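Asker: Submitted below is the structure of interest, expressed as structure tokens.
The values are calculated or read from the model by the stated rules, or taken from the named source; none is laboratory data. None of the values given here were measured: they were computed from a predicted structure. Here Cβ is always computed from backbone atoms with ideal geometry, including for glycine, and neighbour counts include all displayed protein chains. Side chains are part of the model used for accessible areas, which takes the heavy atoms of the whole protein and leaves out ligands, DNA and RNA. Shrake-Rupley method; radii C 1.70, N 1.55, O 1.52, S 1.80 Å.
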Amino acid sequence: MTEAYMPDERHIMTLEQFIIDQQEREPGATGAFSRLLRDVSIAAKIVNRDIRRAGLVDIFGTTGEINVQGETQQKLDALAHAEFVRALKRGGECCLIGSEEHAEAIPLSTQTGADGKYIVLMDPLDGSSNIDVNVSVGTIFSIYYLPEEYGEPDLDAALQPGSEQIGAGYVVYGSSTMLVYTTGNGVNGFTLDPSVGEFLLSHPSITTPKQGQVYSINEGNTDSFEEGLQEYIRWVQHHDDESKRPYKTRYIGSFVSDFHRNLLKGGIYMYPATKNNKEGKLRLMYESNPLAMIVEQAGGRATDGHQRILDIVPDKLHQRTPLFIGSEDMVKKAESFLKKEPVA
Ligand code: P6P
């Protein structure tokens, strides 16, 4: 008798199955959070499809609109925003969305009648000015509970410090498309297999090296960096075999991509206050907080140069913050220069 076909022994774990397994470890879990994550992953697949076709259909370029950030809105920014809103509205688990592409928070429950209890804050497509030149871009999302005291969700309900996030993640649309997320129990990465349309567990239990040899910053702004930061940049560029300096500079103008590389290989991403961005450029609620949760869960560190990002109490949806994020020892070293502490 011929042997039955035995599939490859590798244990193929889909994102859906992983989410269900995680849910089964949560006593009292209703499945609502799992469904919310499923809704996000569906939108990510649709945005991925749109991005991969961008060169072939008329979705390159700009909408002619200026978004709330005062930046020219790319067609794909608007498309990505619409896809995530549509998926979250259809799923019914989300009651309020905050998006880089929309000036005001978007309440969903009144429109759908659903009683979703999650708030999703997101940058639907970060780094989108890179799309026309085929450089990787990303989606970043942050998930909070709607606090008990709020009947109707409104913006105030969303303005919680990052330490209150119950989930955070990003999608990087690069040489492959990956979804990386945490719910506070470690960080896991899933790679989209386009042949089956599933995100498959490819990077279980991601941890980030305590030390790396890569620094990511726009050195075109050096003149406006505070003195301590200018000293730190000179320090990383100084030759020293023992500490493997000079470090490599890698900065591609797409935060998610720079962050993802540094997360896996070790490194530091810095966007400090500059003359043009006196509060820093990265947004607190839907860029810095979610990736700060991820990096801390992976053993890294994220501050504004002085205080933990996740401790910042927000007062505006689109507020910005200086950001130093990545390998713990590298962020601490940069902070020591910012404090103008004696350099060991
Ligand atoms: P600059 C993209 O607009 C973004 O928000 C990040 O993805 C990226 O790291 C940064 O801004 C690039 O900004 O000022 O260096 O061009």
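Asker: Residue under question is residue 256, and the condition is that it be closer than 26 Å to residue 158 by Cα, buried (at least 23 other Cβ atoms within 10 Å of the Cβ), within 11 Å of the ligand (Cβ to nearest atom) and not hydroxyl-bearing (Ser, Thr, Tyr); does it hold?
Answerer: yes
Asker: Going by the structure shown, is residue 179 more than 16 Å from the chain's Cα centre (by Cα) and among the hydrophobic types (A, V, I, L, M, F, W, C)?
Answerer: no
Asker: Write out, first by first residue and then by second, each pair whose Cβ atoms fall under 8 Å of each other, whose residues are 6+ apart or on separate chains, and whose first residue, in the stretch 198-213, is within 16 Å of residue 265 (Cβ to Cβ) while the second is part of a loop (DSSP other than H, G, I, E, B) and open to solvent by 40 Å² or more (accessible area, probe 1.4 Å).
Answerer: These pairs meet every condition: 213/244.
So that you can scan it fast, the table gives a plain yes or no per residue for (1) of a type outside the set (Gly, Ala, Ser); (2) assigned to a strand (DSSP E or B); (3) farther than 20 Å from residue 295 by Cβ:
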| position | (1), (2), (3) |
| --- | --- |
| 175 | no, no, yes |
| 178 | yes, yes, no |
| 184 | no, no, no |
| 200 | yes, yes, yes |
| 212 | no, no, no |
| 215 | yes, yes, no |
| 223 | yes, no, yes |
| 230 | yes, no, yes |
| 234 | yes, no, yes |
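Asker: Here's something else I'd like to know. Given the structure, is residue 311 crowded, with 19+ Cβ neighbours inside 10 Å and among the acidic types (Asp, Glu)?
Answerer: Criteria not met by residue 311.
Asker: Which ones in the stretch 160-183 are open to solvent by 30 Å² or more (accessible area, probe 1.4 Å) and farther than 29 Å from residue 131 by Cα?
Answerer: Passing the criteria: 161, 163, 164, 166, 183.
Asker: Quick one: would you say residue 326 is open to solvent by less than 10 Å² (accessible area, probe 1.4 Å) and either touching a residue at least 12 places away in the same chain (Cβ under 8 Å) or among the charged types (D, E, K, R) (or both)?
Answerer: yes
Asker: Separate question: Mind checking which residues of the stretch 292-304 are within 23 Å of residue 225 (Cα to Cα) and either in contact (Cβ under 8 Å) with a residue 60 or more places away in the chain or within 13 Å of the ligand (Cβ to nearest atom) (or both)?
Answerer: Residue satisfying the conditions is 292 alone.
Asker: Which one is surrounded by the fewest Cβ atoms within 10 Å (Cβ to Cβ), of the residues in the stretch 195-234 that are more than 16 Å from the ligand (Cβ to nearest atom) and of a type in the set (S, T, N, Q)?
Answerer: 195
Asker: Still on this model: I'd like the full set of residues that are hydrophobic (A, V, I, L, M, F, W, C) and away from the ligand (no atom under 13 Å from the Cβ), limited to the stretch 159-185.
Answerer: 159, 166, 168, 171, 178, 179, 180
Asker: What number of residues in the stretch 121-147 are of a type in the set (Val, Ile, Thr) and more than 20 Å from residue 181 (Cβ to Cβ)?
Answerer: Total meeting the criteria: 3.
Asker: Looking at the stretch 284-296, which of its residues are open to solvent by 10 Å² or more (accessible area, probe 1.4 Å) and more than 23 Å from residue 213 (Cβ to Cβ)?
Answerer: Correct list: 293 only.
Asker: Among the residues of the stretch 271-282, is any within 13 Å of the ligand (Cβ to nearest atom), crowded, with 22+ Cβ neighbours inside 10 Å and within 25 Å of residue 166 (Cα to Cα)?
Answerer: yes
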